[in-house]
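Q: Take this structure first; my questions come after.
Nothing in this text is a laboratory measurement; each read-out follows from the coordinates by a stated rule. As the structure is a computational prediction, the values presented were derived from the model and not from experiment. Cβ atoms come from the backbone with ideal geometry, glycine included; neighbour counts cover every protein chain shown.
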Amino acid sequence: MEAFTQYSGSVVSLREDNIDTDQIIPKNFLKQVDKKGFGIHLFDEWRYLADGSDNPDFPLNFPENKQATILVADENFGSGSSREHAAWALQDYGFKAVIAGSFSDIFYMNALKNGLLPIRIEKEIRDDISQLPAGTKIEIDLPAQKITTPNAEYSFAFDATWKDKLVNGLDDISITLQHEDAIRAYEQKMVQF
């Protein structure tokens, strides 16, 4: 997993509560198990019109938001089914972080395990960030647990264990491989029995 330390990017806002995983990546696109190729279908039913063309009223389609890599939402982001594909679709589209008031527990864990940074922060701060002019860069500093905009700096809480994993780029496999010598020694010992 790629380490997440400091990141600078622009923001797009979808200020809705209860954006569920079926809205993030509809079930009819869950036919593959590779993590790539889902970004084109992100928010498919909102992003595209019935004829397949871009919905001009959807924020991700606004020209000024095309390069946004930080999504700002409201409460209970990622609710619904447990599909890991929701985190994959957000990342494949290009998002590095999602800032929301709260997250579904399963989505939150899926995001963390895939290196997508989910930040819980108060409504007033999300309001401030959402009101920045399109294209404005903000910085997320995970080690310092700070979001910096041109106007302000905000602190956010973050679990210390997950912070360590993300800052060091450690997923479950890489953590296991830190004990590779001990595993190999155990396997050799077991072969003798």
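Q: In which sequence would Arg184, Arg120 go, from the one with the fewest C-beta neighbours within 10 Å to the one with the most?
A: Values: Arg184 10, Arg120 16.
Ascending number of Cβ neighbours within 10 Å: Arg184, Arg120.
Q: May I have the convex hull volume per residue, in Å³, for the Cα set of the stretch 89-179? Provide the component values of the computation, followed by the final result.
A: On the way: hull volume 10.0 nm³, N = 91.
Looking at the stretch 89-179, the number lands at 110 Å³ per residue.
Q: Return the aspartates and glutamates within reach of Lys146: Cα separation strictly under 16 angstrom, same-chain partners fewer than 8 residues apart disregarded; answer none if there are no such residues.
A: List returned: Glu122, Glu124, Asp128, Asp159, Asp164.
Q: May I ask for the Rg/Rh ratio of the chain, computed from Cα atoms with Rh as the Kirkwood radius, given to two decimals? If you can, show how the numbers build up before the last one.
A: Values: Rg = 18.6 Å, Rh = 17.8 Å.
Rounded to two decimals, Rg over Rh is 1.05.
Q: Could the peptides 135-145, 93-103 be put in order, highest first, of the mean number of other beta-carbon atoms found within 10 Å of their residues? Mind showing how you got there, number by number?
A: Numbers: 135-145: 16.0, 93-103: 20.5.
Ranked by mean Cβ neighbours within 10 Å, highest first: 93-103, 135-145.
Q: Also: Could you quote the convex hull projected area for the stretch 14-109, Cα atoms only and averaged over all directions, in nm²? Provide the component values of the computation, followed by the final result.
A: Numbers: hull surface 23.5 nm².
Across all orientations, the stretch 14-109 yields a mean hull projection of 5.9 nm².
Q: Right, something else. May I ask you to compute the full-extension gain from Asp54 to Ser174, defined as 0.36 nm times their residue separation minus their alpha-carbon distance, rounded to one decimal in nm? Numbers along the way, then the final one.
A: Values: separation 120, 0.36 × 120 = 43.20 nm, distance 3.97 nm.
In short, 39.2 nm is gained.
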